[in-house]
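The values are calculated or read from the model by the stated rules, or taken from the named source; none is laboratory data. From a predicted model like this one, the values you see are computed outputs, not experimental measurements. Counting neighbours? That spans all protein chains shown, and the Cβs are built from the backbone with ideal geometry, glycine included. Note: accessible area is taken over every heavy atom of the protein model, side chains too, but ligands, DNA and RNA are not part of it. Shrake-Rupley method; radii C 1.70, N 1.55, O 1.52, S 1.80 Å.
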Amino acid sequence: MKQFISDLKLEVVKYYDSMVGITPKLIAAILVLLFAWFLARQIRRISERKLKRQMEDPLLADFLSTLIRFTVFVTGLLLALKIVGFGGITASILAGAGISAFIIGFALRDIGENFLAGILMAFKRPFRVGDFVETGAIKGKIIGLNIRDTQLKTPDGKDVYVPNAMIIKNPLINYTIDGFLRYEFVVGLPSNSDYNSTMKAIEDAVLKVDGIITKRRKPTVNITGLSTGRVDVTVHFWIDTFTVKEETENIRSKVFAAVQNIIE
């Protein structure tokens, strides 16, 4: 029993000595981590302000500042782990445990894929904040881009977060990258009526709607189909999304109403 108590005291002393030895490292690692977190926030704030001042695209500026913050914080985290002594241990565990390394690598694959896709989109810039895009079965206005996903606001008000890799892998339709958005719809006119005069009246009515482009890309009204007793007429009109202050859906609704008054 005395030997047991003596051995126990010896182990407690060893444990105490190890705790005393590692405590300064833990404190230093925590301080480094807190400093990295604070520094990353400050650098992101400063870089975002300067980048937005120098760049025309706020989306790219926001993404780059977020990337800088992420890099600074990860660097601080790795330094903190090295101070504590976990850097080599972590590497040994990942190198020795083959199946664990495979699982971890597989789990992080999507994160790395989305991260790289975000970098590609930030520099290639297939869209800007406010652009209306379609990717897969999702349509919406671009709200933001970060290192993992792209945020879209759908016409019905939903916020959709699309993984960046999904946008890279699928076709992306940008309806407003140059500011011009075209709408079209079909109107059926009786074949025995003076549809030529009606087509001219429809064109004039569309031109009078506020928000419609009337010079560079004038509205057009063309016959696009024929059937028994009916002439199908397609109406095209353009909206400059960079200049209009009203929602494009409201402008389209006004065009429908104006055309409906003509064909009644």
(message) Let me understand segment 204-249 better: what is its radius of gyration from the alpha carbons, and its Dmax, in angstrom?
(response) 13.4, 42
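Grab the beta carbon distance between Ser191 and Arg217, set R0 = 35 Å, and tell me the FRET efficiency rounded to 0.05.
0.75
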(request) Give, in nm to one decimal, the length gained when the segment between Ile262 and Phe35 is fully stretched (0.36 nm per residue of separation minus the Cα-Cα distance). (result) 74.8 nm
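Length gain on complete extension for the stretch Lys153 to Thr71, per 0.36 nm per residue less the alpha carbon to alpha carbon distance?
My answer for the length gained is 26.7 nm.
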(request) For Ile212, enumerate residues with amide H under 5 Å from its amide H, sequence gap 5+ or separate chain, H modeled in the peptide plane. (result) none
(message) With every protein chain kept in place and ligands, DNA and RNA left out, what is the accessible area per residue of segment 206-264? Probe 1.4 Å, answer in Å².
(response) 63
(message) Testing the spin-label approximation: label points 7 Å from Cα along Cα→Cβ at Thr23 and Leu78. State their distance in nm.
(response) 3.2
(request) Note down the Stokes-Einstein diffusion coefficient of segment 181-264 in µm²/s, whole number, using a Kirkwood radius over alpha carbon pairs, 37 °C, and 0.692 mPa s. (result) 250
(request) Round to the nearest 0.05 the FRET efficiency obtained for Thr228 and Ile143 when R0 = 51 Å and r is the Cβ-Cβ distance. (result) 0.60
(message) Ignoring ligands, DNA and RNA, please state the percent of accessible area on segment 150-264 from carbon and sulfur, probe 1.4 Å.
(response) 50
